[in-house]
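**Q** Before I ask anything, here is the structure I am working with.
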Amino acid sequence: MPDSKVLRRLAQNREAARKSRLRKKAYVQQLESSRVRLNQLEQELERARQQESHVGATGDNHPGVAAYDMDYARWVEEQNRQISELRSALAVHVTDNELRVLVDKGMAHYDELFRLKGAAVKADVFHIVSGMWKTPAERCFMWMGGFRPSEILKVLIPQLEPLTEQQLLAVCNLQQSSQQAEDALSQGMEALQQNLADTLSAGSLGTPNVANYMGQMAMAMGKLGTLETFVHQADNLRQQTLQQMHRILTTRQAARGLLAMGDYLSRLRALSSLWIARPRD
């Protein structure tokens with residue numbers, strides 16, 4: 001029979017372990033509560049920004065623009081919910097079949113964003129390219145109305161390790177092809193901008209000539225259709241990059257990738273929220 005000292009020590013160890021578990025549980029709950037509150041603050045500030053942009057908008061804005069801004073705000077809220085669901089599923093190690101349902105849902109959610117953007121580009125391509133529907137920090141990283149695929153791959157890859165040799169090769173090829181497509185689109189955009197500048201500056205700028213002016217405007221308007229084409233192509237590249245990464249990765253890796261991408265974009269939005277809310281002395 002163990003003596004009283006041993007029994008007392010065992011009881012103390014059990015009590016210490018119990019308290020440690022309680023402290024850990026409280027800490028995890030506190031972290032989760034802080035994360036939820038930060039998401040709420042981010043959403044509140046995003047809604048306020050959207051409302052402010054609608055109030056300040058002029059009456060001749062296309063209704064499709066306002067509709068897109070509201071749809072995008074709802075899209076962000078749904079993404080936050082899906083990311084929380086993915087985080088929980090990965091933490092409790094659900095089966096691959098259960099995880100696949102969440103991954104497919106996340107991929108479909110990005111497809112929905114590209115569909116919404118396609119309609120918004122037709123309504124007002126300048127609104128999409130300007131990024132006024134995104135937060136300030138996100139706009140710093142924008143390329144042709146959205147994220148640059150090669151940069152997102154650089155963010156994701158370290159979060160997905162270890163990758164097999166075959167996966168690494170496929171990802172490297174995807175990075176290279178994405179970068180080449182981005183370069184081609186960027187060069188096309190630069191050429192379009194130069195073409196527009198040449199069209200608008202043709203002739204004498206200081207001497208009013210209504211006929212020349214109207215002709216220049218008509219030519220410039222005709223060239224803006226190319227801008228819509230470039231933004232559509234950039235969105236197609238973004239969508240194809242996500243789909244190819246999905247095919248390269250295992251279900252669990254794809255879930256981690258969606259979680260990492262969601263967290264990265266959420267942190268950019270949170271950074272904007274904190275910047276807007278900073279004290280101004």
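The values are calculated or read from the model by the stated rules, or taken from the named source; none is laboratory data. A quick note: this is a predicted structure, and the numbers were derived from the prediction, not measured. So basically every Cβ, Gly included, is an ideal-geometry build from the backbone, and we count neighbours across all protein chains shown. Heads up: the accessible areas ignore ligands, DNA and RNA and are worked out on the full protein's heavy atoms, side chains in. Shrake-Rupley method; radii C 1.70, N 1.55, O 1.52, S 1.80 Å.
**Q** Between residue 70 and residue 139, what is the FRET efficiency for a Förster distance of 25 Å, r being their Cβ-Cβ separation, to the nearest 0.05?
**A** On the way: r = 19 Å, r/R0 = 0.75.
Calculated transfer efficiency: 0.85.
**Q** At R0 = 51 Å, how high is the FRET efficiency between residue 229 and residue 4 if r is their beta carbon distance? Nearest 0.05 is fine.
**A** It comes out at approximately 0.05.
**Q** For region 171-281, what is the accessible area per residue in Å², given a 1.4 Å probe and the full set of protein chains?
**A** On a per-residue basis, region 171-281 sits at 57 Å².
**Q** Residue 78 to residue 104: extension gain in nm, 0.36 nm per residue of separation minus the Cα-Cα distance?
**A** 7.9 nm
**Q** What is the percent carbon and sulfur in the accessible area of region 128-227, measuring with a 1.4 Å probe over the protein chains and ignoring ligands?
**A** Values: 3460 of 5790 Å².
Solvent-exposed carbon and sulfur of region 128-227 make up 60 percent of the total.
**Q** On a full-extension model of 0.36 nm per residue, what is the gain between residue 169 and residue 11, subtracting their alpha-carbon distance, rounded to one decimal in nm?
**A** 51.3 nm
**Q** Between residue 218 and residue 198, what is 0.36 nm times their sequence separation minus the Cα-Cα distance? Round to one decimal in nm. Each step should come with its number before you reach the end.
**A** Details: separation 20, 0.36 × 20 = 7.20 nm, distance 1.36 nm.
Fully extending the segment from residue 218 to residue 198 adds 5.8 nm.
**Q** So how far apart, in nm, are the two label points at residue 92 and residue 30 if each is 7 Å from Cα heading toward Cβ?
**A** Going from the residue 92 label point to the residue 30 one covers 2.5 nm.
**Q** Right, here's the next one. Compute the label zone of residue 276 within region 78-92: residues whose backbone N is under 17 Å from the point 7 Å along Cα-to-Cβ.
**A** Correct set: 78, 80.
**Q** Sticking with this structure for a sec: Could you rank the peptides 227-237, 110-120 by their average count of other C-beta atoms within 10 Å per residue, with the highest value first?
**A** Ranked from most to least packed, the peptides come out as 227-237, 110-120.
**Q** Strictly over 32 Å apart at the Cα level, which of 134/223; 25/154; 19/105; 134/154 would you flag in this model? All intermediate terms of the calculation are to be shown ahead of the outcome.
**A** On the way: 134/223 26 Å; 25/154 34 Å; 19/105 39 Å; 134/154 21 Å.
Pairs exceeding the cut-off: 25/154; 19/105.
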